[in-house]
Amino acid sequence: MIPLFGQTRTRIKPRHALIAPDGHVISTLPGVEKVRLTALITPAMGAGFAQLGLAFEEAGGVARFPAHLHEAVIYVTAGAIQCKVGKTVESLEAGGFAYVSENDALEIAPSKTPALVTLFQKKYVPSPGLSAPASFFGLSKKIMGQPFLGNPKALLQVLLPDIPSFDLAVNIFTYQPGATLPFVETHVMEHGLLMLSGQGVYRLEDEWYPVAAGDVIWMAPFCPQWFVAMGDEPASYLYYKDVNRPLLS
Ligand code: UGY
Ligand code: MN
């Protein structure tokens with residue numbers, strides 16, 4: 001069979017994007033050494049946040065992000081890391097995560113390679129009368145999935161406290177094969193998404209994309225969106241959204 005060439009599933013559109021792993025190209029950043037860093041979603045695409053993939057494949061890799069620039073959420077998808085947030089050091093394995101306030105510096109190094117980490121970054125938007133949340137660590141398997149709009153075959157784990165001081169949310173959605181988002185959502189919140197496992201079909205605006213573990217999706221505000229899980233195993237994805245802030249500046 002002739003291998004496919006000159007083709008990719010990646011699609012970059014003005015209001016949505018699908019980024020398939022076959023097209024990843026490594027970026028460099030000051031403070032990031034011996035790490036395969038992929039800038040998956042950034043404002044250069046039209047997004048209001050950044051989603052980075054960090055692959056630690058050798059000992060000695062380190063990714064340092066300074067304080068007072070952005071808040072961040074990191075999520076470990078494979079391997080294990082040492083994560084330093086401000087002065088606190090914590091070991092995180094797959095499913096471990098951290099919310100990093102913009103007042104704290106972040107330093108990530110692998111303790112078991114290969115370690116794969118997803119990082120969401122944004123500028124924290126203060127809100128009068130609310131103090132900015134403090135950094136904390138968590139473990140996704142300790143967070144119960146809740147049936148989404150009553151459907152026990154579509155479980156939602158909410159990783160960050162659902163309170164107004166947070167201006168972002170990061171959740172994990174797990175669908176049994178055949179389960180769907182109940183309707184085509186259209187909303188002001190933006191999404192960045194990583195398929196963690198399984199496969200399915202994502203509708204973005206008026207296009208339908210087969211997607212599988214490793215794929216990344218950007219949905220601009222008001223991008224109509226829908227998902228159906230397909231195949232033999234559950235499909236799950238990690239996703240970001242902006243929340244809790246005024247709609248007019
Ligand atoms: O939180 C959400 O908006 C979620 N239901 N969207 C999605 O999974 N595409
Ligand atoms: Mn949504």
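The values are calculated or read from the model by the stated rules, or taken from the named source; none is laboratory data. Since this is a predicted model, take the numbers as computed values, not measurements. We place every Cβ from the backbone using ideal geometry, glycine too, and count neighbours over all the protein chains shown. Just so you know, the surface numbers come from the protein's heavy atoms only, side chains and all, with ligands and any DNA or RNA stripped out. Shrake-Rupley method; radii C 1.70, N 1.55, O 1.52, S 1.80 Å.
Highlighted here are the strands (runs of 3 or more DSSP E) found entirely within the range 64-181 that include at least 1 residues which are touching a His at 6+ places or on another chain (Cβ under 6 Å): 106-122. Just one residue in the set Gly95, Gly79 is touching a helix residue (DSSP H, G or I) at 6+ places or on another chain (Cβ under 9 Å), on the phi > 0 side of the Ramachandran plot and in contact (Cβ under 8 Å) with a residue 24 or more places away in the chain; that residue is Gly95. Total residues in the range 128-169 satisfying the condition of being touching a residue at least 12 places away in the same chain (Cβ under 8 Å) and of a type in the set (Asp, Glu): the figure is 1. How many residues does the range 206-249 contain that are of a type in the set (Asp, Glu) and either within 13 Å of ligand 1 (Cβ to nearest atom) or open to solvent by 70 Å² or more (accessible area, probe 1.4 Å) (or both)? Summing the residues that are of a type in the set (Asp, Glu) and either within 13 Å of ligand 1 (Cβ to nearest atom) or open to solvent by 70 Å² or more (accessible area, probe 1.4 Å) (or both) in the range 206-249 gives 4. Please specify each residue of the range 185-199 satisfying the condition of being more than 11 Å from ligand 1 (Cβ to nearest atom), over 15 Å from Ile41 (Cβ atoms) and either in a strand (DSSP E or B) or out of contact with any Ser or Thr (no Cβ under 9 Å at 6 or more places or on another chain) (or both). Answer for the range 185-199, where residues must be more than 11 Å from ligand 1 (Cβ to nearest atom), over 15 Å from Ile41 (Cβ atoms) and either in a strand (DSSP E or B) or out of contact with any Ser or Thr (no Cβ under 9 Å at 6 or more places or on another chain) (or both): Leu196, Ser197, Gln199.
Which one of these does Leu29 not meet: (1) modelled with pLDDT of 95 or more; (2) outside any strand (DSSP E or B); (3) on the phi > 0 side of the Ramachandran plot? Against the list (1) modelled with pLDDT of 95 or more; (2) outside any strand (DSSP E or B); (3) on the phi > 0 side of the Ramachandran plot, Leu29 comes up short only on (3).
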